[in-house]
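The values are calculated or read from the model by the stated rules, or taken from the named source; none is laboratory data. These figures come from a predicted structure and were not determined experimentally. FYI the Cβ positions are ideal-geometry reconstructions off the backbone, even for glycines, and counts take in every protein chain you see. Each accessible area value is taken on the protein alone, full model and side chains, heavy atoms only, with ligands, DNA and RNA left out. Shrake-Rupley method; radii C 1.70, N 1.55, O 1.52, S 1.80 Å.
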Amino acid sequence: VSDADTTIYLFGTFHALDGKSHWFDHAVKTAFDASGELVLETLVPKTPAEISAALRKHQGLDGPAPLPAAQPSAGLAGARTAMSSARSAGLSVDKGADAVLHREADAAGKPVHGLEPFAAQLAMYDRLPGPAPAAAKANAPAAPDPRIAALITQMLGGWKRGDPSGIEQVIGSIRIQSPKAYRILFDERNGNWAEWIAHRLQQPGTVFVAVGTGHLVGQDSVQAKLAARGIRSARVN
C-alpha cells in the first residue's frame, strides 16, 4: 500500500511455527529491511510475570500471583485450547512469525508498535459468544484438540507455500457459523486497522505491518476495507 512518499507493507503471519519454515528471506526480508518501523497486532508482554500481571488486572485482581492456569471467558478458553493444540503439533508462539519479527526489529533498533493494546485483545476474547467454562475446567490445563491440531497443520502447509486459500476457507466458515465471532475477531478489527493505515499514509516513510494472515483474506480483509476507502493495494510476493 503506497502513495508518493509512503510505503506500507502488509505481511500475513502465522502466529505459531516450528522454527523450520524458511519464510524470512527474499522479498519478505527485503521489505522488512527497507522499513523504518514494525507494527504488530499488539505488543504481548515479554515475560510470564508481565503476562500474569496483565491477566490479573484484566480480571480486576490486585497484587502479584502466579500466572493463572485458565481464564473465565469462553473466548480465552478457546484461545488456550488452540495454543495447546498448536504445541501438540510441534509449534511454538515464540517461534511464530510475529515473535521472530519483533526480535529482529529489536536487534536492528527499529521501533515496534501495536495496532491495539494487549488489554483490548483480552477484552475482545471476553466478548466472543459461548458459555464460560465450568470452574473445574477453568482450573485445569487446556487439553489439545486433535482436530484443531490437524487444521492448524493444514493451514500452515498453505501458508508456507504462500497460498492462503485454506486459511480463507476457515475464516469463511467462522463467518457463516458464528457471525458475531466473525464480526468481533475480523470485521471490526480489519476496519480499525484499515483506518490506521489510511492515517499512516499521510506521513512519509516505510512501515512493515505484520498481522495474522486471516486478516488479509476474504471479503472483509484489510485490503477490502482499504479499497472501500479508495486505497489500492497490490500483492508483492
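Results, tabulated for the structure shown:
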read-out: Every residue from region 23-32 that is surrounded by fewer than 16 Cβ atoms within 10 Å (Cβ to Cβ) and under 18 Å from the mean Cα position of the chain (by Cα); value: PHE24
read-out: Of all residues in region 195-213 being open to solvent by 10 Å² or more (accessible area, probe 1.4 Å) and small (Gly, Ala, Ser), the one that is nearest to the chain's Cα centre (by Cα); value: ALA198
read-out: Answer from SER35, SER52 - the residue that is surrounded by 13 or more Cβ atoms within 10 Å (Cβ to Cβ), out of contact with any Asp or Glu (no Cβ under 7 Å at 6 or more places or on another chain) and modelled with pLDDT under 95; value: SER52
read-out: The one condition in (1) at pLDDT below 95; (2) surrounded by 14 or more Cβ atoms within 10 Å (Cβ to Cβ); (3) over 17 Å from the mean Cα position of the chain (by Cα) that PRO164 fails to fulfil; value: (3)
read-out: Residue, nearest to PHE14 (Cα to Cα), within region 34-63, restricted to residues that are touching a residue at least 60 places away in the same chain (Cβ under 8 Å) and of a type in the set (A, V, I, L, M, F, W, C); value: LEU40
read-out: Scan of region 2-22 for residues that are open to solvent by 30 Å² or more (accessible area, probe 1.4 Å), in a loop (DSSP other than H, G, I, E, B) and either under 17 Å from ALA108 (Cβ atoms) or in contact (Cβ under 8 Å) with a residue 24 or more places away in the chain (or both), ordered by number; value: ASP3, ASP5, HIS15, ASP18, GLY19
read-out: Those residues of region 220-235 which are buried (at least 17 other Cβ atoms within 10 Å of the Cβ) and in a loop (DSSP other than H, G, I, E, B), in sequence order; value: ASP220, SER221, ILE231, SER233
read-out: Within region 204-237, considering residues that are modelled with pLDDT of 95 or more and basic (Lys, Arg), the one nearest to ALA97 (Cα to Cα); value: LYS225
read-out: Residue that is nearest to LEU76 (Cα to Cα), among those in region 124-142 that are modelled with pLDDT of 90 or more and more than 15 Å from the chain's Cα centre (by Cα); value: ASP126
read-out: Some residue of region 133-141 being open to solvent by 70 Å² or more (accessible area, probe 1.4 Å), in contact (Cβ under 8 Å) with a residue 60 or more places away in the chain and under 19 Å from ALA16 (Cβ atoms); value: yes
read-out: Options ILE148, ILE174; residue that is surrounded by 12 or more Cβ atoms within 10 Å (Cβ to Cβ) and touching a residue at least 24 places away in the same chain (Cβ under 8 Å); value: ILE148
read-out: Residue, surrounded by the most Cβ atoms within 10 Å (Cβ to Cβ), within region 88-118, restricted to residues that are over 14 Å from the mean Cα position of the chain (by Cα) and of a type in the set (A, V, I, L, M); value: LEU91
read-out: Any hit, region 196-203, residues being touching a Pro at 6+ places or on another chain (Cβ under 7 Å) and either among the polar types (S, T, N, Q) or at pLDDT 95 or above (or both); value: no
read-out: Residues of region 38-49 satisfying the condition of being modelled with pLDDT of 80 or more and open to solvent by 50 Å² or more (accessible area, probe 1.4 Å); value: LEU43, VAL44, ALA49
read-out: Test set (1) among the polar types (S, T, N, Q); (2) under 21 Å from ALA74 (Cα atoms); (3) open to solvent by 60 Å² or more (accessible area, probe 1.4 Å) - ASN192 fails condition number; value: (2)
